[in-house]
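See below for the structure under consideration.
The values are calculated or read from the model by the stated rules, or taken from the named source; none is laboratory data. Predicted, not measured: the structure shown is a model, and the values here were computed from it. Note: ideal-geometry Cβ built from the backbone for every residue, glycine included; neighbour counts use all protein chains shown. Just so you know, the surface numbers come from the protein's heavy atoms only, side chains and all, with ligands and any DNA or RNA stripped out. Shrake-Rupley method; radii C 1.70, N 1.55, O 1.52, S 1.80 Å.
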Amino acid sequence: MVIQESMGLMEKLRILADGAKYDVACTSSGVDRSGSFEGMGNSIAAGICHSFSADGRCISLLKILYTNECVYDCKYCVNRASNDVVRTSFTPEEVCSLTMEFYRRNYIEGLFLSSGVKGSPDHTMEELCRTVQLLRTKYHFHGYIHLKAIPGASPDLIRQAGYLADRMSVNLELPTADGLRRLAPHKSRQTILRPMRQIQLQRDASKEELTLFKHAPQFVPAGQSTQMIIGASGENDYQILSVAESLYQKYSLKRVFYSAFVAVNKDKALPAVYTKPPLLREHRLYQADWLLRFYGFKASELLSESRPDFDLQLDPKCNWAIRHLEYFPVEINTAGYYQLLRVPGIGDRSARRIVGARKTHSLDFTDLQKIGVVLKRALYFITCNGRMMYRTKLEEDYIIRNITDARRPEQLLYSTCRQLSFFDREEDGIERRYAL
């Protein structure tokens, strides 16, 4: 390990920004706070402007580590203590200077500040608090700040940080306690969950205080989040999704982020270095997470111990629908809002539009297309006035084969159904132009 004491600011930025790229931060602010005449910046509920990096990750903040020095030796981490990498650290003034100069140039809308553990959790957390306090008080920065809480730091430091940052996060790192013991032996589930619980309780107390005192200081107004590494320790999708569901219910988290494992270290406890990151699996977990948070699904509905992993060919809602064909077809003109949400190809906005539009007239498939329903997926699961769009079969293999085919629905059905002759009668009101 080489520690560079005398290093230029730009070189520090290059090293510590590169070290922070494995922390996921694609989240909007979730807080509504206008600026003031005394300082610079604001944070609004519409969120932070997003851009995308070369590896596909969403970035919009100055995302850096305070230091890449670390006393821990987590097997999956590029900054682990046993790795021979150049080590460096910012000072609080350097972080403030970078943040203000980047903001003035309109490169960023806020700061995402994480860190390795230098010396001890308390020492590191104290440095992070000092940095954010300088930004807020000396530089009067009112923009968005996402701060990583260091597991094992004292509750007083966590509390101090919570009144300075908009959002805090404590990384769970690995989905199960067993995976944590094998790959991050210096960390424990308890030291990670303890600050999560503290942040949750302090936020609840802050909300109650705000009902009594309008100008009371807010504690982590944008909530807390966490991150899990996917594919490093062998957990299946059902275990991962169940852990996420439990975190939402027990700790009131705003987001659980899933980070596809990137092999940066050679270790017999890890997948081989040439293993590709499971990006499609990460994507399916994000889709399933969305179903948990906004569509009323439960982890036990989407997966089970007998079917513990998602089908990578199909999105989770479509996969669920195909395995529960007894609920379909759904009649568009009579189904309830939550029943519509479970139809593949119908999202929250489309479901609301359907419920509103059918108050004035009966809907048909042309109306659904204008509303924004993705009929390529939805047509197998819905009827309009008792009729399906095409003559289809409610069979699992048939639906999977057609949905995963790149051709248009009418081309698929043309190839699997007979051509009507000139003298054939149209059945079930299906128009002749679809050549069924």
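Residue-by-condition table, conditions (1) farther than 28 Å from residue 136 by Cβ; (2) surrounded by 21 or more Cβ atoms within 10 Å (Cβ to Cβ):
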| residue | (1), (2) |
| --- | --- |
| 83 | yes, no |
| 86 | yes, no |
| 91 | no, no |
| 108 | no, yes |
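Cβ separations smaller than 7 Å between residues 6+ apart or across chains give the following pairs from region 68-93 residues that are free of Cβ contacts under 8 Å to residues at least 24 places away in the same chain to residues that are surrounded by fewer than 20 Cβ atoms within 10 Å (Cβ to Cβ): 82/73. Is region 119-138 home to any residue that is within 28 Å of residue 196 (Cβ to Cβ), open to solvent by less than 10 Å² (accessible area, probe 1.4 Å) and part of a loop (DSSP other than H, G, I, E, B)? The answer is no; no qualifying residue exists.
Any residue in region 273-291 that is free of Cβ contacts under 8 Å to residues at least 12 places away in the same chain, in contact with a Lys or Arg (Cβ under 8 Å, 6 or more places away or on another chain) and either of a type outside the set (Asp, Glu) or exposed (fewer than 14 other Cβ atoms within 10 Å of the Cβ) (or both)? There is at least one residue in region 273-291 that is free of Cβ contacts under 8 Å to residues at least 12 places away in the same chain, in contact with a Lys or Arg (Cβ under 8 Å, 6 or more places away or on another chain) and either of a type outside the set (Asp, Glu) or exposed (fewer than 14 other Cβ atoms within 10 Å of the Cβ) (or both). Cβ-Cβ distances below 7 Å connect the following pairs, each with a first residue in region 96-115 that is more than 17 Å from residue 21 (Cβ to Cβ) and of a type outside the set (D, E, K, R), a second residue that is in a helix (DSSP H, G or I) and open to solvent by 10 Å² or more (accessible area, probe 1.4 Å), and a separation of six or more residues or different chains: 96/134.
Go through (1) open to solvent by 10 Å² or more (accessible area, probe 1.4 Å); (2) in contact (Cβ under 8 Å) with a residue 24 or more places away in the chain; (3) of a type outside the set (Lys, Arg); (4) part of a loop (DSSP other than H, G, I, E, B) one by one and return the number of the condition residue 361 breaks. The one condition residue 361 does not meet is (2). Being under 23 Å from residue 155 (Cβ atoms), touching a Phe, Trp or Tyr at 6+ places or on another chain (Cβ under 9 Å) and open to solvent by 20 Å² or more (accessible area, probe 1.4 Å): is that true of residue 227 here? Against the criterion (under 23 Å from residue 155 (Cβ atoms), touching a Phe, Trp or Tyr at 6+ places or on another chain (Cβ under 9 Å) and open to solvent by 20 Å² or more (accessible area, probe 1.4 Å)), residue 227 does not qualify.
Every residue, every condition in (1) modelled with pLDDT of 90 or more; (2) surrounded by 15 or more Cβ atoms within 10 Å (Cβ to Cβ); (3) over 26 Å from residue 175 (Cβ atoms); (4) of a type in the set (Lys, Arg), yes or no:
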{"residue": "8", "(1), (2), (3), (4)": "no, no, yes, no"}
{"residue": "20", "(1), (2), (3), (4)": "no, yes, no, no"}
{"residue": "39", "(1), (2), (3), (4)": "no, yes, yes, no"}
{"residue": "44", "(1), (2), (3), (4)": "no, yes, yes, no"}
{"residue": "56", "(1), (2), (3), (4)": "no, no, no, no"}
{"residue": "61", "(1), (2), (3), (4)": "no, yes, no, no"}
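For region 152-164, the candidate set comprises residues that are part of a loop (DSSP other than H, G, I, E, B) and out of contact with any strand residue (DSSP E or B) (no Cβ under 9 Å at 6 or more places or on another chain); within that set, the residue that is most open to solvent (accessible area, probe 1.4 Å) is 163.
Quickly run through region 179-208 and pick out the residues that are closer than 22 Å to residue 80 by Cα, part of a helix (DSSP H, G or I) and either open to solvent by less than 30 Å² (accessible area, probe 1.4 Å) or among the basic types (Lys, Arg) (or both).
Here is the first cut: in region 179-208, the residues closer than 22 Å to residue 80 by Cα are 179-193.
Narrowing the set further to residues that are part of a helix (DSSP H, G or I) leaves 179-183, 189-193.
Correct list: 179, 180, 181, 182, 183, 189, 192.
Got a sec? Which of 192, 229 is farther than 26 Å from residue 276 by Cα and of a type in the set (Val, Ile, Thr)? Selected residue: 192, the only one of 192, 229 that is farther than 26 Å from residue 276 by Cα and of a type in the set (Val, Ile, Thr).
I'd like the full set of residues that are under 30 Å from residue 205 (Cα atoms) and touching a Phe, Trp or Tyr at 6+ places or on another chain (Cβ under 7 Å), limited to region 163-186. Even if it seems obvious, please write down each step before you answer.
Within region 163-186, the subset under 30 Å from residue 205 (Cα atoms) is 163-177.
Those that are under 30 Å from residue 205 (Cα atoms) and touching a Phe, Trp or Tyr at 6+ places or on another chain (Cβ under 7 Å): 163, 166.
Apart from one condition, residue 78 fits all of (1) in contact with a strand residue (DSSP E or B) (Cβ under 6 Å, 6 or more places away or on another chain); (2) aliphatic (A, V, I, L, M); (3) open to solvent by 10 Å² or more (accessible area, probe 1.4 Å); the exception is (1).
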